[in-house]
Amino acid sequence: MMIVIPAYQPDEKLTGVVDALIERTNFPIVIVDDGSRDDCQPLFADLDRREQVTVLHHEVNRGKGAAMKTAFQYIYDHCPDAEGVITVDADGQHLPDDVLRVAEAFRSHQDALVTGSRRFTGNVPFKSRAGNAITRFVFAISTGVKVYDTQTGLRAFSRDNIPRMLALKGDRYEYEISQLLYCCREMIPIVEVPIETVYIEDNASSHFRALRDGWRIYKMILMFVSSSFLSFLFEYILFLLLTWLTKSWSISLLFATAVSRVLSSILNYSLNKRLVFESDNRTSFLRYVVLAVFIFGVHFGLLYLFTTICGIPKWIAYIIVQLIVYPMSFVLQRKFVFVKDKKQS
């Protein structure tokens, strides 16, 4: 296993982290100085003299995600025998025992992303507790996947996954969310290992900025569902317009549903293929057509039930049906339409 530690403006806590890891493990350690100021350089030079440690440098600050990518590329190029990678934060929040627990879990789940999952018990700063709770909730409703600690920096994955990790979007704190979203897209298991929740000096050494970095994180999550929302809005407006224009037709409901569904499906497919699932599967369009026909049948059947039999107004019934059909469509797209092409595995 290789340990990666991204570091920006570190203090003596980084030395403590490295020394504790050297004492408890024989894992090689790659530290990335992410453009830290000049007075931090003696600390990096001292660490670089340790036999287990390699220090890489960015000339300017490029972000936590970029620092991790630099280390991943170094490991992929220079450490062909490495079994996997463990990322550890530089501020002392990850205890050596927890790093070892994550490493042990990885050996049993080498096809997974293994994370050290904090439970936020004890004396935890309110902003950290609240921020993680909100992100956990938004992530769950957006992806359908429950991850208790979405922002943990203690993670392990196989060296074979490095090329995919290098291709992910995001160079700062949003990169860690990007990793989780990638696992959701590709149905890679996310295995959480409970770890201690450690905040030193009320997390004063953190370089996380709530508004700037929080927006980057939530933007990555919201991108995951924005295509469906835009498609729904387009379909809903078109459905209302067509039902009004064809209100004298006996097949008004069927016509309006069919036309709005077909046009919104084309929009939804294009957005999902490019932005959400980032799929190159050559058969995805045919699979999507099959799914669209199935979803249309379910959609119209429920709409007919609610409007004709139950007497619910069309504009309300349409929203109810979408709330039922959307989760079904999303799961089937992920598992049936935008699956990875075996030739690219």
Sequence-distant residues sharing a close amide H with V32 (under 5 Å, placed H): I5, A7, L56
Quick calc: nm separation of the 7 Å Cα→Cβ label points for I320 and W249 -> 2.5
Ranked output for segments 81-88, 20-27 by mean other Cβ atoms within 10 Å, highest leading, reads 81-88, 20-27
In whole Å, what are the Cα extents of region 1-123 along the three principal axes, biggest one first? 41, 41, 27
Of the listed peptides 52-61, 106-115, what is their order by residue-averaged count of other C-beta atoms within 10 Å, with the highest listed first? 106-115, 52-61
Among K13, K146, rank each residue by its count of other Cβ atoms within 10 Å, from fewest to most, as a rough exposure measure. K146, K13
Order by neighbour count: Y304, Y173, fewest other Cβ atoms within 10 Å first, most last. Y304, Y173
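Computed from the coordinates by the stated procedures, all read-outs in this text should not be read as laboratory data. Remember, predicted model here, so these are calculated numbers, not experimental data. Methodologically, a virtual Cβ is constructed for each residue, glycine included, from the backbone with ideal geometry; neighbour enumeration extends over all protein chains shown.
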